[in-house]
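Every number in this text was worked out from the coordinates using simple rules, so none of it is lab data. For clarity, every value in this text was computed on a predicted model and none was experimentally measured. Because the Cβ atoms are built from the backbone with ideal geometry, glycine has one as well, and the counts that use them run over all protein chains shown.
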Amino acid sequence: MYIQLAVFSEPKAGNAPDEWEDAALAGVAAQPIGFGQMPSRIRYVVADGATGGYASRQWVDQLVTCFAPVDDPARGPRLDHAPMRRWFARMQGLWAANPPATLDVIDEIKAKQDGSFATLLGFELSGLDGPAPAWRAVALGDTVLFQVRAGRLRAVFPSLGPDDFGADPAGVHSNSAALDWMSDNLLIGSGVLAPGDFLFAATDAMAHWIIRAVIRDEAKTWATLSELVHPATFSRFVRDQRSAGSDAETMKNDDVTLMRLRMLADQPSYLLVCL
């Protein structure tokens, strides 16, 4: 099975692109493969840094590069409770050993007391070179994975509804005092893949919009998201949804990230590059 990947992002309205505090990354498990072949295992991660957290951009960058390191993805954590707890502790240790620069005493106090915080969705596709491809995922917070088959929603992980998004989601905290709580609240999910499936990984504003849009018109929702091609088109789409007429349709003004994977039985015949 082959994977067609696209990642779209849009900062909060009024913010510059470099003020986007989400992060998304793919890492391929290190192994020798032949030309034109897919590896058997690929790892993906999407994180959403808290606006009120200290140095959120640095925190999400650390999380995604350590979860799916592109130089040696085997260093990423196994997607089970005990390995993830060890990984959380390692992330907190790295942060403490290499704290972001502070501007003054007040800034330093905030960094120590408040720390940084991010929701996290990490998932791995396995068996891509065999008869039983599958996905397995871990999550803390309201960054969500959607599996879609033949235009119908097959799985939502974490299993959130339209009323489950708020101002205080679960997430990965840089403060070591949160380690037990994070470990206890970590969610693990899995599913089976088939050619033609789509996986959409979305941070909270986008995920919330998707869940509500599916209730209104599922076929239109997946058709719209599966046909997005250019980043400029995605930006216009987000701006349009932010200014939609009713509360039920409006997308929250927040940093937005959408990672889209399409499962293909055959190798794509062309490469599309957006300039």
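Per-structure values
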item: The chain - percent relative contact order, Cα under 8 Å, separation 6 or more; result: 26
item: Rounded Å value of the spacing that divides the Cα centres of segment 112-134 and segment 234-265; result: 21
item: Amide hydrogen neighbours beyond the local backbone of Gly115, cut-off 5 Å, H modeled; result: Tyr54
item: Cβ charges +1 (Lys, Arg) and -1 (Asp, Glu), total dipole of segment 2-264, debye; result: 840
item: Formal net charge of residues neighbouring Asp240 (Cβ-Cβ distance under 12 Å; K, R +1; D, E -1); result: +1
item: Global form of the chain, assessed from the alpha-carbon gyration tensor, a/c cut-off 1.5; result: oblate
item: Taking Tyr2, Tyr54, Tyr44 and counting other C-beta atoms within 10 Å, the order from fewest to most; result: Tyr2, Tyr54, Tyr44
item: Neighbour net charge for His81 - beta-carbon separation under 14 angstrom, K R +1, D E -1; result: +1
item: Net charge of Cβ neighbours under 13 Å - reference Pro17; Lys, Arg +1; Asp, Glu -1; result: -4
